[in-house]
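FYI, it's all coordinate maths here, none of it is from the lab. Model, not experiment: these values are computed from the prediction. FYI the Cβ positions are ideal-geometry reconstructions off the backbone, even for glycines, and counts take in every protein chain you see.
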Amino acid sequence: MLWQAIRAASLAHERLRAFTAPVYVAVGTRSHPGFRATADALVPPRRGWWWNQAMLDFGALVCLKRAPRCESCVVRSSCAWRGSGADPAIGSASVGVGQSRFAGSDRQGRGRLVDALRRATVAEADLAMVMGWPNDDERARRVAATVVADGLAERAHGVYFLP
């Protein structure tokens with residue numbers, strides 16, 4: 001995937017040159033007029049998934065916070081950060097914000113429920129135990145409702161099951 005990341009970064013660089021105001025000017029200000037259109041214009045037609053994966057690889061392999069590899073970056077000439085100063089990504093899309101503990105979290109309970117549903121249906125009376133909160137039926141029902149709302153499970157007649 002590294003070659004795809006490099007190719008995608010090269011495409012981004014070529015596309016950025018077509019704009020009078022580079023995309024990085026609008027980073028962190030999502031309400032900036034034209035930001036969405038500018039960002040969308042960088043994505044090759046019908047290649048959104050590929051572009052996203054390549055950008056994630058590029059960020060993970062080249063544009064690193066602790067040890068940026070600017071010397072091998074194909075977009076370094078139009079980079080606003082260039083590995084110095086404050087990282088412009090901090091604060092955007094919760095970058096730099098620590099994630100809450102997983103143990104005992106709603107996320108863990110959701111995962112336990114979906115895992116249990118892979119094996120069998122789960123009765124509403126068993127939710128709290130299955131989700132790891134044997135003494136908190138209310139929380140289990142509330143969190144299970146989010147699993148249903150997200151389309152990961154269905155509920156009928158007091159029984160949860162996979163769609």
Gain on full stretching of the segment that runs from Arg107 to Arg139 - 0.36 nm per residue minus C-alpha separation: 10.3 nm
Virtual spin-label span in nm between Gln53 and Leu162, 7 Å along Cα→Cβ: 2.3 nm
